[in-house]
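Peer 1: The structure's right below; bear with me while I get my questions together.
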C-alpha cells in the first residue's frame, strides 16, 4: 500500500527554535513509518542570505511549494506557524498555494494568542476569522488557544495536540536527594532574549541572595541579549552565582538538567516550550509564568510554582520557598517526572498526528498504523 505523502513546512532542521524541535521530532518518530514525510524549508532561520537573496526566495518559494506538492502528489500539507506578523502573512500564502494544488491543509499554531494578535482592529479581526476557516484543520498547543480559535472560527475543526518529547534521555540520571544546606541550583535553557524573563530572573536572584538565600543559576543558551545580561550580572555582583555555559543539546542538556533543582522560565508569552517538558521529565521543578500552554502542564504547588510575568520579586519569593523547603522540592520533582511520562511523550504526539493525517486523507488508517 502506497503511503500518503505529507509535506511539513518549517525552518531549517539545524535552526535553534521550538518549531525546529517539533519538526525533527515528527520526522524522527513512528509517523515516518506510516507516511512519506517531506520537509519543506520556510523562513530565514538556518539560512545565510542577504536582502536580495531573501526577497528572491520569498518570491519563488510559493511556486517551489506548488511544484513540491504536485511532484510528490502530497495529500496533506502541514503548516507550522506562529501568530506574529511576519510568519502569519507568509504562511497564509502557503495555505492558499496548498489549497489551490488540491492538498488538504493542517495549520498548526505554535506561539502567540489569536485575540492579542488581532488586537482591536475590527477589519483585521474579520479577516483573521475568515482566514482561520480556510485550512481543513487547525492544531493548537493549549486549551487557551483552543478557546480563542473556537470563538473566532466556530465550526472549524480545531484540535489540541500538546508537544511531546522522548523521555528516555531524561530517565537515565538518578536524582540525589536535595541537601538543605546546599545552594539551590537553578537553570534556564533557551535563547538569551528579554521576553523569556531573563532580566527579571537575574534580578530575582539578586533579591533572593540579598535575603540570605543560597542559590546558583546556570544560563544555557545564546542570543542577542547575552552581552546585556552579562553586564546585569556584573552590576548585581552575581558573577560567582551565575554561569553562562552556551547552548546545550542532547546528552549535555540532560546532564545539566540532572544537576539542577529548579527550572526558571519567567516568559512574557509562550506556546508550549520544549524546555519546560524536558526539565520536568528530568525532575527539575519549574518556576514559570502561567502563559500559553504551561497551565495545562503543571498544577501550582503540585509540580512547580507559578509567578506573575515581569515580576522579579515573585520569582525571588519562589526561589526562597524552594530553597527553604527541600521536602516539597523532592515531592514536586517526582510529580514532574510522572506527569510528563504520562501525557507528554513523543509516542502520544505521533499517535495524535497519525489520526489527524488519516482523517485529512479521507482514508481509514491501516490496523498496523493505529
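Read-outs: derived from the displayed coordinates by stated rules, not from any lab. All values derive from a computational prediction rather than experimental measurement. Here the Cβ is made from the backbone with ideal geometry for all residues, glycine too, and neighbour counts use every protein chain on show.
Peer 1: Conditions: (1) out of contact with any strand residue (DSSP E or B) (no Cβ under 9 Å at 6 or more places or on another chain); (2) surrounded by fewer than 21 Cβ atoms within 10 Å (Cβ to Cβ); (3) within 30 Å of residue 157 (Cα to Cα). Residue 290 meets all but one. Number of the miss?
Peer 2: It is condition (1) that residue 290 fails.
Peer 1: Among the residues of the stretch 116-130, are any touching a strand residue (DSSP E or B) at 6+ places or on another chain (Cβ under 8 Å), in contact (Cβ under 8 Å) with a residue 24 or more places away in the chain and either closer than 27 Å to residue 57 by Cα or not in a strand (DSSP E or B) (or both)?
Peer 2: Going through the stretch 116-130, the residues touching a strand residue (DSSP E or B) at 6+ places or on another chain (Cβ under 8 Å) turn out to be none.
No: the stretch 116-130 contains no residue that is touching a strand residue (DSSP E or B) at 6+ places or on another chain (Cβ under 8 Å), in contact (Cβ under 8 Å) with a residue 24 or more places away in the chain and either closer than 27 Å to residue 57 by Cα or not in a strand (DSSP E or B) (or both).
Peer 1: Please indicate, with yes or no, whether at least one residue in the stretch 195-210 is closer than 25 Å to residue 180 by Cβ and either within 21 Å of the chain's Cα centre (by Cα) or surrounded by fewer than 17 Cβ atoms within 10 Å (Cβ to Cβ) (or both).
Peer 2: Taking every residue of the stretch 195-210 in turn, at least one turns out to be closer than 25 Å to residue 180 by Cβ and either within 21 Å of the chain's Cα centre (by Cα) or surrounded by fewer than 17 Cβ atoms within 10 Å (Cβ to Cβ) (or both).
Peer 1: Quick test of your reading of the structure: residue 233 fulfils all but one of (1) more than 22 Å from residue 313 (Cβ to Cβ); (2) more than 22 Å from the chain's Cα centre (by Cα). Name the failing condition by number.
Peer 2: (1)
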